[in-house]
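*Asks:* Quick one: this structure, given as structure tokens, is what I'll be asking you about.
The values are calculated or read from the model by the stated rules, or taken from the named source; none is laboratory data. Just so you know, these numbers come straight off a predicted model, no measurement behind them. Quick reminder, even Gly has a Cβ in these numbers, built from the backbone with ideal geometry, and neighbours come from all protein chains shown.
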Amino acid sequence: MYEHVLITGGAGFVGSSLALRLRAAFPDARLTALDNLSRRGSELNLPRLAAAGVRFVHGDVRLPADVAIDPPPGLILDCAADPSVLVSASAIGGNLLGTYHCLEQAVRWRADVLFLSTSRVYPMGLLNQLRFTASETRFSLAADQPWPGASAEGIAEDFPLHGARSFYGMTKLASEMLLEEYAAAHGLRYIINRCSVIAGPWQMGKIDQGVAALWMIAHYFRRPLSYIGFGGSGKQVRDLLHVDDLADLVLAQVRHFDSYAGQCSNVGGGVGNSLSLLEATALCREITGNTIPIDPVAGDRPNDVRVYITDARRIGERAGWRPRRDLRQIFADLYEWLRAEEGRVAPVLLS
């Protein structure tokens, strides 16, 4: 295990979750969470990090001096990003420039980098040209597809990358390319995980990011929702990845970095953990006992995709990893978190 790990975006949903799992697995390691606390609700994670003995540094990856922490870490776990698919070109500063500053420091420190990327690197135009069928509750990918890397199992790593993908997706893909260049120029060791929709407790779900949490939050607090785009049908589909399943993989990668170094892998729930908004509504209604109004909105949102499912078979075959927590557990865990922490999180979630 590394003596010191820096987690950028370490007070966010994913960063704090991974920091706490690292602490549980490696009680003697030094862990530093760096975060600018720009996302509302991230401040609620500070007491959790402190209680676990994770050092918090209030800093911004856009500022090189803030990244240059002491003592130097042996591993940078880069979770910092503005994850909204609706974000403008301003994401270049927070996402791509932040990665650049982390890589510059990694070279100085001779540190390894584990980078959390996104399924949003795949172009939305090509994804929306995929062949599909429509059932009563969802869209499904057909087996025969026009592009390599696409099948009824979802999108694999060899899916084409030409075309627009949102500013958020562009910054993540550009960051992946930066990692490759730094590896070639400086011998930097890296791992890239292209994650699908991550979900779990302490996610402050919003309309532009964190859809599973958003759906459960709305049902729990009896707030209205909308089915936006694709005729307002609610049939658009995503696969969900429990944050603890991601943590299982990250822990394995940290323990055996040599075995994963230089790899870029799709990481997600796959077909078995995929569902439509209609199906998410039924599950949330069953768990909470609440029925809420959901209005159809026919007009499509920018950067939206009809169906995205992660084909994570490559990482499964290589590493034996697979998600162990199903859709019901994802939503049940969100529900239990809201019940236990309602007093603390309600002011953030309902503001």
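*Asks:* Pick from region 253-288 the residues that are acidic (Asp, Glu) and within 28 Å of residue 223 (Cα to Cα): which of them is surrounded by the fewest Cβ atoms within 10 Å (Cβ to Cβ)?
*Replies:* From region 253-288, those acidic (Asp, Glu) are 258, 279, 286; that's our starting set.
Subset that is within 28 Å of residue 223 (Cα to Cα): 279, 286.
Working: 279: 16, 286: 12.
Among residues in region 253-288 that are acidic (Asp, Glu) and within 28 Å of residue 223 (Cα to Cα), the one surrounded by the fewest Cβ atoms within 10 Å (Cβ to Cβ) is 286.
*Asks:* If residue 15 satisfies every condition in (1) under 21 Å from the mean Cα position of the chain (by Cα); (2) surrounded by fewer than 16 Cβ atoms within 10 Å (Cβ to Cβ) but one, which is the exception?
*Replies:* Going through (1) under 21 Å from the mean Cα position of the chain (by Cα); (2) surrounded by fewer than 16 Cβ atoms within 10 Å (Cβ to Cβ) one by one, residue 15 breaks only (2).
*Asks:* May I pose another question? Test each condition in (1) polar (S, T, N, Q); (2) touching a strand residue (DSSP E or B) at 6+ places or on another chain (Cβ under 9 Å); (3) surrounded by fewer than 17 Cβ atoms within 10 Å (Cβ to Cβ) for residue 291 and report the one that comes out false.
*Replies:* (2)
*Asks:* Determine, yes or no, whether residue 241 is among the hydrophobic types (A, V, I, L, M, F, W, C) and within 18 Å of residue 315 (Cβ to Cβ). Spell out how you get there, then give the answer.
*Replies:* Values: among the hydrophobic types (A, V, I, L, M, F, W, C): yes; within 18 Å of residue 315 (Cβ to Cβ): yes.
Judged against the criteria, residue 241 is a match.
*Asks:* In addition: Report the residue count in region 307-334 for those that are surrounded by fewer than 20 Cβ atoms within 10 Å (Cβ to Cβ) and not acidic (Asp, Glu).
*Replies:* Residues that pass the stated criteria total 12.
*Asks:* Say we look at region 173-219 and pick out the residues that are β-branched (Val, Ile, Thr) and in a strand (DSSP E or B); which of these is farthest from the chain's Cα centre (by Cα)?
*Replies:* Within region 173-219, the first condition is being β-branched (Val, Ile, Thr), and the residues that meet it are 191-192, 197-198, 207, 211, 217.
Then drop every residue that is not in a strand (DSSP E or B), which leaves 191-192, 197-198.
Working: 191: 15, 192: 12, 197: 6, 198: 5 Å.
Among those residues, the one meeting the criterion is 191.
Matching residues to (1) without any contact (Cβ under 8 Å) to a residue 12 or more places away in the chain; (2) at positive phi; (3) of a type outside the set (Asp, Glu); (4) out of contact with any strand residue (DSSP E or B) (no Cβ under 7 Å at 6 or more places or on another chain):
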| site | (1), (2), (3), (4) |
| --- | --- |
| 218 | no, no, yes, no |
| 222 | no, yes, yes, yes |
| 227 | no, no, yes, no |
| 233 | no, no, yes, no |
| 236 | no, no, yes, no |
| 239 | no, no, no, no |
| 242 | no, no, yes, no |
| 248 | no, no, no, yes |
| 251 | no, no, yes, yes |
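*Asks:* Go through the residues of region 133-144 one by one and say whether even a single one is of a type in the set (A, V, I, L, M), at pLDDT 95 or above, more than 30 Å from residue 67 (Cβ to Cβ) and touching a Phe, Trp or Tyr at 6+ places or on another chain (Cβ under 7 Å). Full working, then the answer.
*Replies:* Kept after step one, since they are of a type in the set (A, V, I, L, M), are these residues of region 133-144: 134, 141-143.
Checking the rest, the ones that are also at pLDDT 95 or above come to 134, 141-143.
Imposing the further condition that a residue be more than 30 Å from residue 67 (Cβ to Cβ) reduces the set to 134, 141-143.
Narrowing the set further to residues that are touching a Phe, Trp or Tyr at 6+ places or on another chain (Cβ under 7 Å) leaves 141-142.
Yes, the conditions are met somewhere in region 133-144.
*Asks:* Identify, by number, the condition in (1) touching a strand residue (DSSP E or B) at 6+ places or on another chain (Cβ under 8 Å); (2) surrounded by 15 or more Cβ atoms within 10 Å (Cβ to Cβ) that residue 53 doesn't meet.
*Replies:* (2)
*Asks:* Based on this model, can you work out whether residue 69 counts as under 19 Å from the mean Cα position of the chain (by Cα), within 19 Å of residue 16 (Cα to Cα) and modelled with pLDDT of 95 or more? Talk me through it step by step, then tell me what you get.
*Replies:* On the way: under 19 Å from the mean Cα position of the chain (by Cα): no; within 19 Å of residue 16 (Cα to Cα): yes; modelled with pLDDT of 95 or more: yes.
Considered against the rule, which asks whether it is under 19 Å from the mean Cα position of the chain (by Cα), within 19 Å of residue 16 (Cα to Cα) and modelled with pLDDT of 95 or more, residue 69 comes out as no.
*Asks:* Out of all the residues in region 59-82, is one or more under 25 Å from residue 233 (Cα atoms) and of a type in the set (Lys, Arg)?
*Replies:* There is no residue in region 59-82 that is under 25 Å from residue 233 (Cα atoms) and of a type in the set (Lys, Arg).
*Asks:* Only one residue in 36, 95, 45 is surrounded by fewer than 23 Cβ atoms within 10 Å (Cβ to Cβ) and of a type in the set (S, T, N, Q). Which one?
*Replies:* On the way: 95 fails: surrounded by fewer than 23 Cβ atoms within 10 Å (Cβ to Cβ); 45 fails: surrounded by fewer than 23 Cβ atoms within 10 Å (Cβ to Cβ).
So the residue among 36, 95, 45 that is surrounded by fewer than 23 Cβ atoms within 10 Å (Cβ to Cβ) and of a type in the set (S, T, N, Q) is 36.
*Asks:* Across region 154-182, what is the total count of residues that are closer than 18 Å to residue 96 by Cα, of a type in the set (D, E, K, R) and touching a residue at least 24 places away in the same chain (Cβ under 8 Å)?
*Replies:* Counting residues in region 154-182 that are closer than 18 Å to residue 96 by Cα, of a type in the set (D, E, K, R) and touching a residue at least 24 places away in the same chain (Cβ under 8 Å) gives 3.
*Asks:* Related question: Looking for whichever is surrounded by fewer than 23 Cβ atoms within 10 Å (Cβ to Cβ), of a type in the set (Gly, Ala, Ser) and either modelled with pLDDT under 95 or closer than 21 Å to residue 239 by Cα (or both) here; the options are 90, 119. Which one fits? Write out each step before concluding.
*Replies:* Details: 119 fails: surrounded by fewer than 23 Cβ atoms within 10 Å (Cβ to Cβ).
The conditions single out 90.
*Asks:* All but one of (1) more than 17 Å from the chain's Cα centre (by Cα); (2) over 18 Å from residue 199 (Cα atoms); (3) not hydrophobic (A, V, I, L, M, F, W, C) hold for residue 272; which doesn't?
*Replies:* Here residue 272 clears every test but (2).
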